[in-house]
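I have placed the structure first, in the form of C-alpha coordinates, so that the comments after it can refer back to it.
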Amino acid sequence: MAHKRKISQQEWERILPAMETFAEITTKMAYLVLVKEEKQSDVATQLARSKQNVGNAVKRVWDLYTEMENIEGSKLCFVSVWIPEKDAIEVKKLAAKYPINKGTL
(Lines give C-alpha, C1' and ligand atoms only; values in the text may rest on other atoms or scores of the structure.)
Protein backbone atom coordinates (compact mmCIF):
# COMPACT_ATOMS: atom_id res chain seq x y z
CA MET A 1 0.00 0.00 0.00
CA ALA A 2 1.34 3.43 -0.93
CA HIS A 3 2.27 5.93 1.76
CA LYS A 4 -0.42 8.62 2.09
CA ARG A 5 0.82 12.12 1.45
CA LYS A 6 -0.08 14.53 4.25
CA ILE A 7 1.12 18.01 5.23
CA SER A 8 0.12 19.63 8.52
CA GLN A 9 -1.38 23.11 8.57
CA GLN A 10 1.78 24.40 10.27
CA GLU A 11 4.03 22.86 7.61
CA TRP A 12 1.77 24.23 4.86
CA GLU A 13 2.14 27.74 6.24
CA ARG A 14 5.91 27.28 6.39
CA ILE A 15 6.20 26.31 2.70
CA LEU A 16 3.57 28.78 1.44
CA PRO A 17 6.14 31.51 0.57
CA ALA A 18 7.85 29.04 -1.79
CA MET A 19 4.56 28.66 -3.69
CA GLU A 20 4.05 32.37 -4.37
CA THR A 21 4.52 31.85 -8.12
CA PHE A 22 2.05 28.95 -8.27
CA ALA A 23 -1.42 29.60 -9.66
CA GLU A 24 -4.03 30.04 -6.94
CA ILE A 25 -5.96 27.01 -8.21
CA THR A 26 -2.82 24.86 -7.94
CA THR A 27 -2.31 25.71 -4.28
CA LYS A 28 -6.02 25.34 -3.55
CA MET A 29 -6.21 21.85 -5.06
CA ALA A 30 -3.05 20.72 -3.28
CA TYR A 31 -4.23 22.21 0.03
CA LEU A 32 -7.52 20.36 -0.09
CA VAL A 33 -5.79 17.04 -0.78
CA LEU A 34 -2.61 17.34 1.29
CA VAL A 35 -3.83 19.31 4.32
CA LYS A 36 -7.59 18.74 4.44
CA GLU A 37 -7.16 15.10 3.27
CA GLU A 38 -9.94 15.25 0.70
CA LYS A 39 -9.92 12.66 -2.08
CA GLN A 40 -8.40 13.85 -5.36
CA SER A 41 -11.51 12.76 -7.27
CA ASP A 42 -13.75 14.78 -4.92
CA VAL A 43 -11.54 17.86 -5.33
CA ALA A 44 -11.63 17.44 -9.11
CA THR A 45 -15.42 17.35 -9.07
CA GLN A 46 -15.74 20.22 -6.58
CA LEU A 47 -13.44 22.53 -8.57
CA ALA A 48 -14.46 21.33 -12.05
CA ARG A 49 -10.95 20.10 -12.87
CA SER A 50 -9.67 16.81 -14.20
CA LYS A 51 -8.30 14.23 -11.79
CA GLN A 52 -5.01 14.47 -13.68
CA ASN A 53 -4.91 18.24 -13.10
CA VAL A 54 -5.47 17.74 -9.37
CA GLY A 55 -2.83 14.99 -9.28
CA ASN A 56 -0.30 17.24 -11.02
CA ALA A 57 -0.95 20.05 -8.52
CA VAL A 58 -0.54 17.68 -5.59
CA LYS A 59 2.69 16.27 -7.04
CA ARG A 60 4.12 19.74 -7.67
CA VAL A 61 3.49 20.86 -4.09
CA TRP A 62 4.56 17.51 -2.61
CA ASP A 63 7.85 17.63 -4.55
CA LEU A 64 8.48 21.16 -3.26
CA TYR A 65 7.67 20.07 0.30
CA THR A 66 9.97 17.05 0.18
CA GLU A 67 12.75 19.16 -1.33
CA MET A 68 12.45 21.59 1.57
CA GLU A 69 12.37 18.76 4.11
CA ASN A 70 15.33 16.72 2.89
CA ILE A 71 18.12 19.24 2.44
CA GLU A 72 21.06 18.30 4.64
CA GLY A 73 18.72 16.71 7.16
CA SER A 74 17.11 19.97 8.24
CA LYS A 75 14.00 21.91 7.29
CA LEU A 76 14.35 25.07 5.25
CA CYS A 77 12.56 28.16 6.52
CA PHE A 78 11.64 31.33 4.63
CA VAL A 79 13.03 34.52 6.19
CA SER A 80 12.35 38.08 5.10
CA VAL A 81 13.96 40.67 7.37
CA TRP A 82 16.15 43.78 7.20
CA ILE A 83 19.78 43.23 8.25
CA PRO A 84 23.09 45.06 7.68
CA GLU A 85 24.42 44.76 4.12
CA LYS A 86 27.56 42.81 5.13
CA ASP A 87 25.38 40.22 6.87
CA ALA A 88 23.01 40.10 3.90
CA ILE A 89 25.92 39.21 1.61
CA GLU A 90 26.73 36.24 3.85
CA VAL A 91 23.09 35.18 4.04
CA LYS A 92 22.81 35.28 0.24
CA LYS A 93 25.94 33.13 -0.08
CA LEU A 94 24.42 30.61 2.30
CA ALA A 95 21.05 30.67 0.51
CA ALA A 96 22.72 30.10 -2.87
CA LYS A 97 23.67 26.58 -1.73
CA TYR A 98 20.05 25.45 -1.92
CA PRO A 99 18.46 24.74 -5.31
CA ILE A 100 15.11 26.11 -4.18
CA ASN A 101 16.64 29.61 -4.19
CA LYS A 102 17.82 29.38 -7.79
CA GLY A 103 16.84 32.54 -9.63
CA THR A 104 15.68 34.39 -6.51
CA LEU A 105 18.94 35.93 -5.31
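When the Kirkwood radius is taken over all Cα pairs of region 5-64, what Stokes-Einstein diffusion coefficient follows at 25 °C and 0.890 mPa s, in µm²/s?
Estimated via Stokes-Einstein, D reaches 219 µm²/s.
Using only DSSP helix segments of four residues or longer, with each worth -39500 (n - 2.57), what per-residue ellipticity at 222 nm results for the chain after dividing by its residue count and rounding to 500?
-16000 deg cm²/dmol
Would you mind checking K4/K28; K59/K102; K6/K75; K39/K75; K6/K28; K6/K97 for any pair whose Cα atoms are more than 25 angstrom apart?
Checking Cα-Cα distances, K39/K75; K6/K97 exceed 25 Å.
If the only charges are +1 at each Lys and Arg Cβ and -1 at each Asp and Glu Cβ, what is the size of the charge dipole of the chain around the Cα centre, to the nearest 20 debye?
In debye, rounded to 20, the chain gives about 340.
Scan the chain and hand back the longest stretch that contains none of the trypsin sites (Lys or Arg not before Pro) lying in DSSP loops with at most 16 other Cβ atoms within 10 Å.
Formally, the longest exposed-site-free interval is 40-74.
For the chain, build the convex hull from the C-alpha positions and give me its volume per residue in Å³.
So the per-residue Cα hull volume is 118 Å³.
May I ask for the angle, rounded to the nearest 10°, between helix 51-69 and the longest principal axis of the chain, with both axes built from Cα atoms and the value confined to 0 to 90°?
Between the helix axis and the principal axis of the chain, the angle is about 30 degrees.
Taking only Cα atoms, what is the 0 to 90° angle, nearest 10, from helix 24-34's long axis to the longest principal axis of the chain?
For helix 24-34, the angle is close to 70 degrees.
In terms of solvent-accessible area of protein heavy atoms at a 1.4 angstrom probe, what is the ranking of F22, F78, highest value first?
F78, F22
The values are calculated or read from the model by the stated rules, or taken from the named source; none is laboratory data. Quick caveat, the model's predicted, so the values are computed rather than measured. A quick note on method: Cβ atoms are made from the backbone with ideal geometry, for glycine too, and the neighbour counts reach across all protein chains shown. Only protein heavy atoms, including side chains, enter the accessible area calculation; ligands, DNA and RNA are left aside. Shrake-Rupley method; radii C 1.70, N 1.55, O 1.52, S 1.80 Å.
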